[in-house]
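The values are calculated or read from the model by the stated rules, or taken from the named source; none is laboratory data. As the structure is a computational prediction, the values presented were derived from the model and not from experiment. Quick reminder, even Gly has a Cβ in these numbers, built from the backbone with ideal geometry, and neighbours come from all protein chains shown.
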Amino acid sequence: MAGIWVHGELAADGSLAKLSTEVATLARSLAGESGGAEVTGIVIGADPAGGAAELARFVPRVLVVTEPSTVDHAAGTIVAQRLAALIEERDPDIVLAGAGPEGRDLAGALSALTGRGVLANAIALRGSPDGPIATHSVFGGKLITESALTGGRGIVTVRPNAVTAEAADSPGSIETVAPAGELTQPAVPIIDRIEAQGAAASIDDARIIVAGGRGVGGPEGFGLIADLAEALGGAVGATRAAVDSGWIPYSQQIGQTGKIVKPQLYLAMGISGAIQHKVGMQTASTIIAVNRDPDAPIADFADMVVVGDLVEVGQAILAQLRERSG
Ligand SMILES: Cc1cc2nc3c(=O)[nH]c(=O)nc-3n(C[C@H](O)[C@H](O)[C@H](O)COP(=O)(O)OP(=O)(O)OC[C@H]3O[C@@H](n4cnc5c(N)ncnc54)[C@H](O)[C@@H]3O)c2cc1C
């Protein structure tokens, strides 16, 4: 395999997205299984230096392109045009990106610009003599499928939290590259940036998540969930039932149509464990469910089930935690 490229996605403050460190880690293991293919990170943005330095901790070489227009425009299509020009010049076999909003935009535009196919939402990638094989979880996690790219070349997007990011033994080099190609595609201007409201901490990278479902009973019930999350130093998650009821913002939804999380501890309060919720949290290291129904489906995959009323159990846990913290 000639080369594996990793798109280094930048947050609004110029830092590297955690998802890109995961994708870079996956690229290294894929390269190891593909006869030592060269792994190169690509960082394109208005102020790429910080993100490039971070990505260089994970891959042996990073190419950096300064592109000022990403400050006030959605990055996907702009980055795709700069990246397409580099691909034309250097011809890597595989381009990997995160399967978040920017990576999805990027992959679609890049496919149109380069004519290369896309495998979307991979949860794993392994090498084969004919190119990488991507694993996908489909039909809400009921089936696992494997797919390959035609001719072993193309674009793959990787789901968040599919792998644990691990830095390389030694940092890679960073090389500045002049922007190539023309920006001919329409760019989407950013009108405003709005902080997500409510429920404070982000669930994306949380090590502890206390999640509430319909059993919480209403928006005021999420007060107890938030207190528990705060006492444990974690974040608040929710099922779609709670989000659709307007009890908590969509940013906290976990599952097939929400986020996929991988905390150390997942405390599920009043959650039945429907398959569409399970696919978003099943890789948590430890799942503890509080449910008054001992036969709720979550009992089939939780590590521990506390059978009882969530308000009683939640308050008892909270009292213990507060006593311990003095
Ligand atoms: C296409 C599609 C996509 C979907 N995407 C998602 C998704 O991304 N995320 C998601 O979560 N769902 C999703 N769903 C919805 C999913 O199918 C379930 O309806 C949902 O997860 C149920 O949420 P719940 O567990 O909060 O509610 P319920 O299934 O109603 O479960 C409530 C649980 O609370 C328990 N309970 C009630 N009161 C108490 C109490 N006082 N103390 C203790 N336990 C109590 C009950 O015993 C029950 O087990 C999707 C559905 C579809 C069709």
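Which numbered condition trips up R207, out of (1) within 12 Å of the ligand (Cβ to nearest atom); (2) in contact with a Pro (Cβ under 9 Å, 6 or more places away or on another chain)?
Every condition holds for R207 apart from (1).
Could you go through segment 205-223 and let me know if any residue there is of a type in the set (D, E) and either closer than 30 Å to G45 by Cβ or touching a Cys at 6+ places or on another chain (Cβ under 7 Å) (or both). Full working, then the answer.
Narrowing segment 205-223 to residues of a type in the set (D, E): 205, 220.
Right, trim to either closer than 30 Å to G45 by Cβ or touching a Cys at 6+ places or on another chain (Cβ under 7 Å) (or both) and you get 205.
Taking every residue of segment 205-223 in turn, at least one turns out to be of a type in the set (D, E) and either closer than 30 Å to G45 by Cβ or touching a Cys at 6+ places or on another chain (Cβ under 7 Å) (or both).
Does I225 meet the test of being outside the structural domain of Q253 (by TED's automatic domain parsing), over 30 Å from P68 (Cα atoms) and within 16 Å of the ligand (Cβ to nearest atom)?
Working: outside the structural domain of Q253 (by TED's automatic domain parsing): no; over 30 Å from P68 (Cα atoms): yes; within 16 Å of the ligand (Cβ to nearest atom): yes.
So I225 does not fit the description; no.
If I filter segment 184-197 for residues that are within 16 Å of the ligand (Cβ to nearest atom) and assigned to a loop (DSSP other than H, G, I, E, B), do I get at least one hit? Write out each step before concluding.
Taking segment 184-197 first, the residues within 16 Å of the ligand (Cβ to nearest atom) are none.
No: segment 184-197 contains no residue that is within 16 Å of the ligand (Cβ to nearest atom) and assigned to a loop (DSSP other than H, G, I, E, B).
State yes or no: is Q264 surrounded by fewer than 18 Cβ atoms within 10 Å (Cβ to Cβ), within 12 Å of the ligand (Cβ to nearest atom) and either at positive phi or touching a residue at least 24 places away in the same chain (Cβ under 8 Å) (or both)? Write out each step before concluding.
Details: surrounded by fewer than 18 Cβ atoms within 10 Å (Cβ to Cβ): yes; within 12 Å of the ligand (Cβ to nearest atom): no; either at positive phi or touching a residue at least 24 places away in the same chain (Cβ under 8 Å) (or both): yes.
When the stated conditions are applied, Q264 does not pass them.
Taking the condition near the ligand (Cβ under 7 Å from one of its atoms) and touching a residue at least 60 places away in the same chain (Cβ under 8 Å), does Q256 pass? Step through it out loud before you land on a result.
Values: near the ligand (Cβ under 7 Å from one of its atoms): yes; touching a residue at least 60 places away in the same chain (Cβ under 8 Å): yes.
Yes: the conditions hold for Q256.
What are the residues in segment 126-149 that are among the aliphatic types (A, V, I, L, M) and part of a strand (DSSP E or B), if any?
Keep residues of segment 126-149 that are among the aliphatic types (A, V, I, L, M), which gives 133-134, 138, 143-144, 148-149.
I133, A134, V138, L143, I144, A148 - these are the residues of segment 126-149 that are among the aliphatic types (A, V, I, L, M) and part of a strand (DSSP E or B).
Can you list residue pairs whose Cβ atoms sit under 7 Å apart, with the first residue in segment 269-284 being under 12 Å from R240 (Cβ atoms) and within 6 Å of the ligand (Cβ to nearest atom) and the second being modelled with pLDDT under 95 and assigned to a helix (DSSP H, G or I)? Count only pairs 6 or more apart in sequence or on different chains.
Pairs found: none.
Under 7 Å between Cβ atoms, at least 6 apart or on separate chains: pull out the pairs that start in segment 141-164 with a residue that is among the basic types (K, R) and end on any residue that is surrounded by 12 or more Cβ atoms within 10 Å (Cβ to Cβ) and assigned to a loop (DSSP other than H, G, I, E, B).
Note: pairs meeting the criteria are R153/D93; R153/R116; R153/G131; R159/A99; R159/I123; R159/I260.
For A162, state whether it is surrounded by 14 or more Cβ atoms within 10 Å (Cβ to Cβ) and modelled with pLDDT of 90 or more. If you could, list the steps in order and put the result at the bottom.
On the way: surrounded by 14 or more Cβ atoms within 10 Å (Cβ to Cβ): yes; modelled with pLDDT of 90 or more: no.
Taking the combined requirement at face value, the residue does not satisfy it.
Residue-wise test of (1) within 19 Å of G14 (Cα to Cα); (2) touching a helix residue (DSSP H, G or I) at 6+ places or on another chain (Cβ under 8 Å).
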site: D72; (1), (2): yes, no
site: T77; (1), (2): yes, yes
site: R82; (1), (2): yes, no
site: A85; (1), (2): no, no
site: E88; (1), (2): no, yes
site: A97; (1), (2): yes, yes
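Would a scan of segment 307-323 turn up a residue that is surrounded by 17 or more Cβ atoms within 10 Å (Cβ to Cβ), in the same structural domain as A231 (by TED's automatic domain parsing), within 8 Å of the ligand (Cβ to nearest atom) and under 26 Å from the mean Cα position of the chain (by Cα)?
no
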